[in-house]
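Asker: Submitted below is the structure of interest, expressed as structure tokens.
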Amino acid sequence: MTAETATQIDYRKNSMGPYTGRITINTRIRAGQILRLRIRARHYVIDWGDGILQNRLTHLYLEGGFQRIHIIGERINWLDISDWNALQIYITDCDFLARLWCRGNRLTKLNLINCPFLVYLDCSHNRLDHIQASHLKLLKEVKANDNNLKIVDFSGCSQLQHVDLRNNHSFMAITQGCRKIKDLHFDEVTFYPEDYKKVNDDFPAVVINEGPSLTIKGSKELT
């Protein structure tokens, strides 16, 4: 598709098919900045927010300022918006999204409940204070290091195995139902739930990071 003005096509009508999802990113752009997108989808179109609608994966902004970018695609499978200076990201109807890279932005919150097939997430090097990722039953690996996390909710993520939470402030990680976790990486220690299970005959449901020490609450303690 060649570049067209965004007003020429009503992309809100979901004309691509029944599995069309939408991702909206709010960002602040510098004049002369080039954004590069990596995406895998059956079909997609990008409204770059400055009146240009196209499916090219790079875009040059002639003027700086706030931009709201819409990515509309059928069966979006993975997406990389790393280093976009993104302030917010909103994900709607992306049932097939399996891999998401959004590292190196300025995100403060991340809600992934509309991504039921998500397997891999890299949201490191942001300003996140909250991650809502509960009941993502295929999620296996999360990189959330270098944020400002206060709470991360992985409850019900039954396939979750590897989590990197280094370089965050004191926070609480909800891991109830995450019985396949192999390692949780914190600043001072790596926590291995299987070792805890051997000693306590239970599985950790809540892990509270308090600097050099961890407070563990088992599933039985919460029932």
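Please treat every number below as a calculation from the coordinates, not as lab data. Predicted, not measured: the structure shown is a model, and the values here were computed from it. Glycine gets a Cβ as well: all are built from the backbone with ideal geometry, and neighbour counts include every protein chain shown.
Asker: Could you check which residue among Lys182, Lys143, Lys197 shows the biggest mean-square fluctuation in a GNM of the chain with a 10 Å Cα cutoff?
Answerer: Lys197
Asker: Taking only the alpha carbons of the chain, what extent do you get along each of the three principal axes, in Å, biggest first?
Answerer: Result for the chain: principal-axis Cα extents of 63, 36, 22 Å.
Asker: Using the scaling law 2.2 N^0.38 Å as the reference, what is the normalised Cα Rg of region 22-91?
Answerer: 1.02
Asker: While we're looking at this one, here's another question. How long are the semi-axes of the equivalent ellipsoid of region 122-223, taking √(5λ) for every eigenvalue λ of the Cα gyration tensor, in whole Å from largest down?
Answerer: The equivalent ellipsoid of region 122-223 has semi-axes of 20, 15, 12 Å.
Asker: Neighbouring Cβ atoms within 10 Å as the yardstick, rank Phe154, Phe66 fewest first.
Answerer: Listing Phe154, Phe66 from fewest to most nearby Cβ atoms yields Phe66, Phe154.
Asker: If you don't mind, another one. Output the relative contact order of the chain, whole-number percent, from Cα pairs under 8 angstrom with separation of 6+ residues.
Answerer: This gives 12 percent for the chain.
Asker: Order of Ile34, Ile216, Ile208, Ile81 from fewest to most other C-beta atoms within 10 Å?
Answerer: Going from least to most buried by this count: Ile34, Ile208, Ile216, Ile81.
Asker: Okay, moving on. Based on DSSP H runs of at least 4 residues, each adding -39500 (n - 2.57), what is the mean residue ellipticity at 222 nm of the chain after dividing by all its residues, to the nearest 500 deg cm²/dmol?
Answerer: After summing the helix terms and dividing by the residues of the chain, the value is -1000 deg cm²/dmol.
Asker: Within 10 Å of each residue's Cβ, count the other Cβ atoms and sort Ser219, Ser213 from fewest upward.
Answerer: Fewest to most other Cβ atoms nearby, the residues stand as Ser213, Ser219.
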